[in-house]
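Notes for the one structure printed next.
Computed from the coordinates by the stated procedures, all read-outs in this text should not be read as laboratory data. Keep in mind that what you see is a predicted model, and the values were worked out from it rather than measured. Quick reminder, even Gly has a Cβ in these numbers, built from the backbone with ideal geometry, and neighbours come from all protein chains shown.
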Amino acid sequence: MKLNRIHHIAIISSDYQKSKNFYVNILGLTPIQEVYREDRQSYKLDLEVNGQYQIELFSFPDPPERASYPEAAGLRHLSFEVDNIEESVRELELHSLRVEPIRIDPYSKKKFTFFTDPDGLPIELYEL
């Protein structure tokens, strides 16, 4: 088997409208398609990330909370590459988001930081 690249990442939100606003209006992802699936009482919003990858944002009635932060089994965090981490942090802080101090990866020597989405999902910014 040969894997070519990541096709999409699926995120389940507890408050769909709040998460939709966060990913579209704060992070600036582009909506591709939004559907309501009546049989599952669930919205699904496909989001484009710089024309390359796709995030699927879902809503489900009463989803369970994340088991722990941040070291639960499963997805640890979502990471986005940015050109200028300081500028990106300033933009997030304009939306009153709490962003951790910028750190330097001891192995790659690259800058990174974390913040969370409305459901507490850790999101990393990584400057290449």
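Among 114-124, 95-105, 79-89, sorting by the average number of other beta carbon atoms lying within 10 angstrom of each residue, highest first, gives 114-124, 79-89, 95-105. In order along region 99-106, the Karplus-derived 3J(HN,Hα) couplings, from 6.51 cos²θ - 1.76 cosθ + 1.60 at θ = phi - 60°, round to 10, 5, x, 5, 10, 10, 5, x Hz, and Gly and Pro are given as x. Is it possible to state the helix-based mean residue ellipticity at 222 nm for the chain, with each DSSP H run of 4+ residues giving -39500 (n - 2.57), the sum divided by total residues, to the nearest 500 deg cm²/dmol? What is it? The helix-only estimate for the chain comes to -3500 deg cm²/dmol at 222 nm.
Rounded, prolate or oblate: which fits region 1-62 when a ≥ b ≥ c are the square roots of the eigenvalues of the alpha-carbon gyration tensor, with rounded for a/c under 1.5 and prolate only if a/b beats b/c? Note, shape of region 1-62 comes out oblate.
In degrees between 0 and 90, to the nearest 10, how far off the longest principal axis of the chain does helix 85-94 point, with axes built from Cα atoms? The answer is roughly 50 degrees. FRET efficiency for the pair Ile104 and Val35, taken as 1/(1 + (r/R0)^6) with r the Cβ-Cβ distance and R0 = 41 Å, rounds to 0.45.
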